[in-house]
Amino acid sequence: MNNYFKMSALAVVVAASLTGCNDTPVKQEAIAKEQRTLTSDDAKIFLDKVAKELVALNLESSRAEWIYQNFITEDTAALSSTTNQKATEASVAYAVAAARFDQIDVTPTQRRQLNFLKQSLVIPAPQDSKKSAELAEIGAKLGSIYGKGTYTTKSGETLSLGDMTAKMATSRDYEELLDLWQGWRQISVPMKELYTRQTQLANEGANGLGYKDLGAMWRSNYDMPADDFGKELNRLWGQVKPLYDDLHCYVRSELSQTYGEDKVALDKPIPAHLLGNMWAQSWGNIYDLVAPKNADPGYDITKQLAVHQYDEVKMVKGAEAFFTSLGFDALPETFWQRSLFTKPKDRDVICHASAWDLDAKNDIRIKMCIQRTGEEFSTIHHELGHNFYQRAYQDQPVFFQNSANDGFHEAIGDTIALSVTPKYLKEIGLIDSIPDQSKDIGLLMKMALEKIAFIPFGLMVDQWRWQVFSGEVTPENYNTAWWELREKYQGVAAPIVRNANAFDPGAKYHVPANTPYSRYFLAHIQQFEFHRALCKIAGNKDPIHRCSIYNSKEAGQALNTMLEMGSSQPWQQAYKVLTGNEQMDATAILDYFAPLHTWLKAKNQGKQCGF
Ligand code: X8Z
Ligand code: ZN
């Protein structure tokens, strides 16, 4: 979070003098002449100046955003939107100014820094202050609608998303689940018009920076031709799909036994409200319904947290202790003073978990409405992964204070959470005994429900957005296209006919928040490669799903070497430092789950699979 370049008012003025918009022919001539005479030294002056201004602007806009997200009111939304507008305008001006060095001979490092300035805006505004103000207001409105969303159930209870999430994790009542599922999707109906306009404006902004649409701009951030990025995702998905298909087939048939074939047909997509999660994006919460017989590992982290009286702070301390066991410094005192760990009772906040780095030094925080569950314990590791990464690259120039690609940022905490194995849990006293090998299919099943189930969801969100941004999908078809992709990739379907005004994508945080989503798909592939590499360095002899790198200073050192590079090199170089490979590959995740895959194939024999 919050790694994107935001710039100061001063910067707007400086950059505006360098921009070429609305120029007369005479002025264009002058610019062309100037371009011919620009040198690498000019690039240095420009980049030094921008770097200084960026630090100040990042701090200012992060503070405004932090206050807004921790205290949503009309006023904080207005302040956040003004600051965002200023930052976006400055970023656009910098991007245009950076493009003036396109034909100039600069050093490779300068070229990389200039490219980041040109590409890294997630939501570029048109170069028209009325429109940039409108875009910023829309952003704040969408965020507020999501953050304030509640639903009053058929039985008269008013619930937040957190309440609904908790109920959906444990309820096995078809009708109750349906009520919650459709209820949350009522909050996003008013988003559709705003989203439509936001798409128009952001596309106009992307066009102004030379991209054919916003999707093309997003795809340009991966140190490969933008057109190849989509193909790369498809290649990786092709590797994982056979395993997903077998998991889907097995889960569907077990759900069909629980809910009846009339509710879960064996030849159709799975109704999306039955998978233990509001978006059917990870399925770990229905483990009890699909658990392999005689292979139960015999513990449930949620229960163990309660038995051992873990409150929210103790959960975060527990996750921090893993990182310090690897040799990372403890979190600063201000982290504990300034983070938000529990949902306040008296005000609206954005509860979706996030990690922040306010000053690019030590002011790191998380913001999360923690629930005392095993799932949230993993999410805490995820968030701290962001914070430890941010601290590791703080000595890089501001342009490189980011992950190698955005998947890396999402993968680090998850990589650590893969080491939360029975052996580790016993070592920290959360469980009393380590289940023996005969329980491995149970352990792997639980992990597959979380990780393998997620992968097609991680892919389809941006497939949808790319189609929306390119105009291939128009507003009348937003929702239909969403469900087509949900069926195609995940094999899940809306459990009831959707109204013409429904805007179901808006019920997923990252759509109104405008956070690209391919990063999570990448992270799910990468984290298994990182885990495998770190386990090797730690001298692990156990099967990979039982490996924990806890306490391994060697593994910590290797991880840190990659993290401290930030985005200073193409991501392939950072990847190579840890894994030895320059290409992402799904074999690590496939190897990890190989015993489960064999088991699933046997279970699925004679079953009708596919959707
Ligand atoms: O949004 C997140 C993190 C914050 S970066 C909690 N995740 C995605 C989601 O919740 O949809 C982590 C996994 C996928
Ligand atoms: Zn994250």
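Things worth noting here:
- Candidates per GluC sites (Glu not before Pro) in the stretch 295-395, loop by DSSP, up to 13 other Cβ within 10 Å: none
- Two-site label geometry, SER40 and GLN257: point separation in nm, points 7 Å out along Cα→Cβ: 6.8 nm
- Listed residue pairs exceeding 30 Å between alpha carbons, taken from LYS241/LYS367; LYS314/LYS446; LYS154/LYS601; LYS439/LYS576; LYS314/LYS423; LYS86/LYS314: LYS241/LYS367; LYS154/LYS601; LYS439/LYS576; LYS86/LYS314
- Since only THR587, TYR517, THR598 are under comparison, the one whose Cα sits farthest along the positive direction of the charge dipole of the stretch 498-611, derived from C-beta charges on Lys, Arg, Asp and Glu, is THR598.
- Net length gained if the chain between GLN239 and ASN207 were fully extended (0.36 nm per residue, minus Cα distance): 8.1 nm
- Among the trypsin sites (Lys or Arg not before Pro) found in the stretch 192-253, those both in a DSSP coil and sparsely packed, with 14 or fewer other Cβ atoms within 10 Å of their Cβ, are LYS212.
- Distance between the pseudo-spin-label points of GLN200 and ASP173 (7 Å out from Cα toward the beta carbon): 4.5 nm.
- Look at the dipole of the stretch 338-442 built from charges on Cβ: of GLY374, LEU358, THR342, the Cα furthest out on the positive end belongs to THR342.
- Cβ-Cβ FRET estimate between LYS426 and ALA51, R0 fixed at 35 Å, reported to 0.05: 0.15
- Heavy-atom accessible surface of the stretch 329-419: percent carbon and sulfur, 1.4 Å: 41 percent
- Unsatisfied cross-links (Cα-Cα over 27 Å) in the set LYS263/LYS607; LYS268/LYS603; LYS212/LYS361: LYS212/LYS361
- Projected label points at GLU476 and GLU564, each 7 Å from Cα along the beta carbon direction, are separated by 5.9 nanometres.
- In terms of the mean number of neighbouring beta-carbon atoms within 10 Å, the peptides 434-444, 524-534 order highest first as 524-534, 434-444.
- Nearest-ten-degree value, helix 518-537 long axis tilted from longest Cα axis of the chain: 70 degrees
- Charge dipole (debye, nearest 20) of the stretch 351-419; +1 at Cβ of Lys and Arg, -1 at Cβ of Asp and Glu: 160 debye
- Accessible area of the stretch 511-563 divided out per residue, in Å², using a probe of 1.4 angstrom: 32 Å²
- At 0.692 mPa s and 37 °C, Stokes D of the chain from Kirkwood alpha-carbon radius, µm² per second: 130 µm²/s
- Computed over the stretch 328-449, Kirkwood Rh from alpha-carbon pairs, angstrom: 16.3 Å
- Averaged over its residues, the stretch 184-267 has an accessible area of 39 Å² per residue, based on protein heavy atoms and a 1.4 Å probe.
- Put simply, the amide H of ALA493, placed in the peptide plane, has neighbours under 5 Å in ILE270, ALA272, leaving out anything fewer than 5 places away on its chain.
- Part-to-part distance (alpha-carbon centres) for the stretch 454-503 and the stretch 157-195, which is given in Å: 18 Å
- Compared with the alpha-carbon gap, the fully stretched path from ASP436 to GLN608 is longer by 58.6 nm at 0.36 nm per residue.
The values are calculated or read from the model by the stated rules, or taken from the named source; none is laboratory data. Everything quoted here is computed from the prediction, not taken from an experiment. Heads up, the Cβs are rebuilt from the backbone with ideal geometry, glycines too, and the neighbour counts pull from every protein chain shown. Heads up: the accessible areas ignore ligands, DNA and RNA and are worked out on the full protein's heavy atoms, side chains in. Shrake-Rupley method; radii C 1.70, N 1.55, O 1.52, S 1.80 Å.
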